[in-house]
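**Student:** Quick one: the structure is below, and I'll ask about it shortly.
Read the figures in this text as sums done on the coordinates, not as results from a lab. If you're wondering where the values come from, they're calculated on a predicted model, not measured in any experiment. Glycine gets a Cβ as well: all are built from the backbone with ideal geometry, and neighbour counts include every protein chain shown.
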Amino acid sequence: MLTLFPELLTDRLRLRQISPADAHALFTIHSDQEWMRWYGVDPVKDPAEAAQLAELFAGWFDAGTGFRWALERVEDRRLIGTCGLFRWNRSWRNCVIGYEIARDCQRQGYMREALTAVLDYGFSMMRLHRVQAETHPDNASSIGLATRLGFRFEGIHREQAYWDNRFHNLNCYSLLETDWSAVRRVMANGSERAL
């Protein structure tokens with residue numbers, strides 16, 4: 001079991017452990033009701049709830065069930081989102097991926113950059129065989145990102161999630177280590193636009 005949280009670096013991001021000091025930034029992202037409509041939980045109502053969220057994310061590492069990274073932009077050290085691998089089943093070598101980004105940072109390639117580093121870590125260091133993504137059927141941005149990263153649609157989980165006072169269907173996508181190897185070969189050849 002790891003004793004030190006794995007820090008990952010990309011060209012523009014530092015992926016690091018979430019700390020209590022991140023509560024204000026998490027509150028800014030997670031309190032935006034319109035922006036969080038696809039996240040799977042109701043928006044946080046106050047900074048205390050955001051602090052609890054930071055503790056929850058940190059708890060995954062402490063319990064050995066996953067990782068949640070803070071996405072810190074290198075240029076200004078601003079926390080712009082989080083992403084993680086959780087519900088880690090070591091015997092089955094699988095987990096679930098989740099992510100969110102501040103509204104003003106969307107569509108700038110930050111999350112794709114972060115998830116590429118996280119998936120590299122998951123398939124190499126965690127020895128994952130399969131990563132699952134669950135998205136709301138109307139969340140076109142998340143679906144587009146997942147499919148560009150090689151995730152394949154598997155089906156719909158009917159009324160699996162509950163937030164905003166109603167049940168929601170979730171689309172299920174999966175990425176196998178062989179799929180990821182093929183995606184990385186395409187990226188290495190400079191043909192990312194083909195994905």
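**Student:** Does L2 fit the bill of being in a helix (DSSP H, G or I) and either among the β-branched types (V, I, T) or touching a residue at least 12 places away in the same chain (Cβ under 8 Å) (or both)?
**Tutor:** Against the criterion (in a helix (DSSP H, G or I) and either among the β-branched types (V, I, T) or touching a residue at least 12 places away in the same chain (Cβ under 8 Å) (or both)), L2 does not qualify.
**Student:** Same structure again: Please determine whether any residue of region 115-137 is exposed (fewer than 13 other Cβ atoms within 10 Å of the Cβ), closer than 27 Å to D42 by Cβ and either free of Cβ contacts under 8 Å to residues at least 60 places away in the same chain or in contact with a His (Cβ under 8 Å, 6 or more places away or on another chain) (or both).
**Tutor:** Yes, region 115-137 has at least one match.
**Student:** Take region 35-46 and flag every residue that is without any contact (Cβ under 8 Å) to a residue 60 or more places away in the chain and closer than 24 Å to V96 by Cα.
**Tutor:** Those that are without any contact (Cβ under 8 Å) to a residue 60 or more places away in the chain and closer than 24 Å to V96 by Cα: P43, V44.
**Student:** Where residues in region 20-53 are part of a helix (DSSP H, G or I) and polar (S, T, N, Q), which of them is surrounded by the fewest Cβ atoms within 10 Å (Cβ to Cβ)?
**Tutor:** Filtering first and then ranking leaves Q52.
**Student:** Can I ask one more? Identify the single condition in (1) part of a loop (DSSP other than H, G, I, E, B); (2) under 17 Å from L4 (Cα atoms); (3) of a type outside the set (S, T, Y) that R77 does not satisfy, given that it satisfies every other one.
**Tutor:** (2)
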